[in-house]
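As structure tokens, the structure follows; a few thoughts come after it.
The values are calculated or read from the model by the stated rules, or taken from the named source; none is laboratory data. What you see is a predicted model, and the numbers here were worked out from it, not measured in a lab. Cβ: placed from backbone, ideal geometry, glycine included. Neighbour counts: every protein chain shown. To get the accessible areas, we keep the full protein, side chains included, count just its heavy atoms, and leave off ligands, DNA and RNA. Shrake-Rupley method; radii C 1.70, N 1.55, O 1.52, S 1.80 Å.
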Amino acid sequence: MSISKAIEKVEARYAHQPEFIQAVKEVAITIKPLYDAHPEYDKLKVFERLVEPDRVFGFRVNWEDDNGEVQINRGWRVQFSNALGPYKGGLRFHPTVNQSVLKFLGFEQIFKNALTGLPIGGGKGGSDFDPKGKTDSEIRRFCYAFMRELHHYVNKDMDVPAGDIGVGGREVSYMFAMYKNLTRESTGVITGKGVGFGGSLMRTEATGYGAVYFLQNMLAAQNESIEGKKVLVSGAGNVSLHAAEKATLIGAIVLTVSDSKGTIYDAKGLNQEKIDWLKVQKDQHKPLADYVEVFGGEWMADQKPWSIKADIAIPSATQNEINEEDAKLLVDNGVKYIVEGANMPLTAEAIDYIRLHRVHYAPGKAANAGGVAVSALEMSQNSVRQYQTFEQVDERLQGIMKDIHDSSAQASEMYGQTDQGYIDYMSGANMVGFKRVADALVAFGILN
Ligand code: NDP
């Protein structure tokens, strides 16, 4: 069958792209029941087609640092699939960015975007530029230089990027300004814009809040509630702090946040004052460890949060941040729910381990789809040149997260993956997302 052939080909052709291979295999192992029920997918080699991006652009980004020295970075845009709508997916600025990372993210994005039920295809982009330690003027010059190249490949109806790690509101504004300058168009070519010049209310909160809405649906499916549950959050960025905020607002006790230097453990739990302080601290690129001096708690230098007893984990920092050892710690410490705020934060071995131990597990493509869903709402607000209120967007987001939860749970049940109340969200989400894209590809014949 063509799924195994597709994997063999990907492994041979892209042996140097381990993250991409990991992402392809994760989808492949779970969609078999669906694939077997639809011989037309195999006949038209749908999976084999989907593992090869429509196209990948790579470019050089020259920029000048504050000392007047010329710096050179690499930039990429992966246009993976536009079967369901314009390519859509964030831009990541981080030294670990390479084609493998962007292809894994772009591949995941196809199915995540399909899961939202909104008309958006999948893409991803970014640069190996390291924003850490750069001044505001260096960030601005880099963003301008990056968009000077990227603008050749994006357009409001064709490919609409957004933020991701290292790309927040400031970077989006600089890139949007350069796009407008070069094209003299004022369109929604990038999402995550400032509210007031085309941005949607709630976009900043959407991914973290959405992950917690997904979690609430998972808990409800097990007749449980979030009230009083102890939660471990990793990361201290956009997704993490908003996941921590929403979880706290609805009664959970968030014990940790972290960054690449270590973990804050606050046994009393976060509150709004602490979260607001953390937001400012991260915005100003100041050390997370200062928290302990202000609010108490413990700074666990160079450690991840997974050694602490809790009910729920929301890994929201980066890919492969939970390996098999971490997964064992989580299970031993009583964690019953893992909701991926980040993209692919669990290694394949960690996923196998927690599923074996019946930890309820929401994969990123389902649980963190709230961000891209609100980005798609931003695109439609830009098209009709109107704004929606925070409450309107929040209501849509809650509805979308419930739909993603319910459709994934139904697919898990329909294809025999639910076992005595244990819902296989990973299989369910992959099958729902894959089916929507695959059906479109079948309808198109062999184009796309
Ligand atoms: P941010 O850049 O805002 O925050 C990332 C956080 O993770 C920072 O606290 C950073 O710490 C930490 N981190 C990054 N790399 C590592 C590492 N190797 N080890 C430990 N900590 C690390 O990014 P976002 O919150 O936007 O994104 C986080 C994840 O969520 C990513 O996987 C992203 O793809 C995914 N995602 C984001 C969406 C969004 O809307 N923003 C949408 C969907 C998914 P430090 O500052 O020390 O580097």
**Message:** Give me the extension gain from M158 to D130: residue separation times 0.36 nm, minus the current Cα-Cα distance, reported in nm with one decimal.
**Reply:** 7.3 nm
**Request:** Give the whole-number value, in cubic angstrom per residue, of the convex hull volume spanned by the C-alpha atoms of the range 189-306.
**Result:** 120 Å³
**Message:** Given a 1.4 angstrom probe, what's the average accessible area per residue across the chain, in square angstrom?
**Reply:** 40 Å²
**Asked** Looking at the chain, what % of its DSSP beta bridges pair antiparallel, to the nearest 5?
**Response** 60 percent
**Message:** Suppose we keep just the DSSP beta bridges with both residues in the range 63-162; what percent of those would be antiparallel, to 5?
**Reply:** 55 percent
**Request:** Enumerate the helices in the chain for which the Kyte-Doolittle hydropathy averages -1.0 or more and the C-alpha atoms extend at least 20 Å along the helix's axis, using complete DSSP H runs.
**Result:** 99-115, 136-150, 169-183, 203-221, 370-384, 390-414, 425-444
**Message:** As a test of the formula, what do you get for the chain when each DSSP H run with n ≥ 4 contributes -39,500 (n - 2.57) and the sum is divided by the residue count, at 222 nm and rounded to the nearest 500 deg cm²/dmol?
**Reply:** -15000 deg cm²/dmol
**Item:** Surface share of carbon and sulfur [accessible, 1.4 angstrom probe, percent] for the range 69-180
**Value:** 50 percent
**Asked** Given I312, V292, L278, which one lies farthest toward the positive end of the charge dipole of the range 269-369, if we put +1 on the Cβ of every Lys and Arg and -1 on the Cβ of every Asp and Glu?
**Response** I312
**Message:** With +1 assigned to the C-beta of every Lys and Arg and -1 to the C-beta of every Asp and Glu, and no other charges, what is the dipole magnitude of the chain about the Cα centre in debye, to the nearest 20?
**Reply:** 980 debye
**Normalised contact order of the chain, rounded percent, pairs of Cα under 8 Å and 6 or more residues apart** = 16 percent
**Item:** Rounded percent of accessible protein surface that carbon and sulfur make up, the range 384-436, 1.4 Å probe
**Value:** 47 percent
**Asked** With the dipole of the range 381-448 worked out from charges on the C-beta (+1 for Lys and Arg, -1 for Asp and Glu) around the Cα centre, which of F444, V432, S407 lies farthest toward the positive end?
**Response** F444
**Asked** Roughly what % of Cα-Cα distances in the range 1-128 sit above 26 Å, to the whole percent?
**Response** 27 percent
**Request:** Could you work out which residue, out of E378, E324, E395, moves most in a Gaussian network model of the chain, that is, has the largest mean-square fluctuation with Cα springs under 10 Å?
**Result:** E395
**Prompt:** Cα gyration tensor of the range 332-448, axes a ≥ b ≥ c as square roots of the eigenvalues: rounded (a/c below 1.5), prolate (a/b > b/c) or oblate?
**Reply:** oblate
**Prompt:** Given K132/K180; K193/K230; K112/K156; K25/K124; K124/K402, which pairs have Cα atoms separated by over 23 Å?
**Reply:** K132/K180; K193/K230; K124/K402
**Asked** To the nearest 20 debye, what is the magnitude of the charge dipole of the range 114-159 about its Cα centre, counting +1 on the Cβ of each Lys and Arg and -1 on the Cβ of each Asp and Glu?
**Response** 100 debye
**Fill in**
Given the candidates F104, M147, T347, the one whose Cα lies deepest towards the positive end of the charge dipole of the chain, counting +1 at each Lys or Arg C-beta and -1 at each Asp or Glu C-beta, is M147
**Message:** Could you order the peptides 404-411, 14-21, 46-53 from most to least packed, using the average number of other C-beta atoms within 10 Å per residue?
**Reply:** 404-411, 46-53, 14-21
**Nearest-20 debye value, the range 51-161 charge dipole, Cβ charges on Lys, Arg, Asp, Glu** = 300 debye
**Message:** I want the antiparallel fraction of DSSP beta bridges within the range 206-332, as a percent rounded to 5.
**Reply:** 55 percent
**Listed residues Q392, Q79, Q420, most fluctuating in the chain (Gaussian network, C-alpha, under 10 Å)** = Q420
**Prompt:** Dividing the alpha-carbon Rg of the chain by 2.2 N^0.38 Å yields what?
**Reply:** 0.93
**Asked** Which aspartates and glutamates, on any chain, are close to K134 with Cα under 14 Å apart, when same-chain ones fewer than 8 places away are left out?
**Response** E64, D65, D66, E69, E171, D283
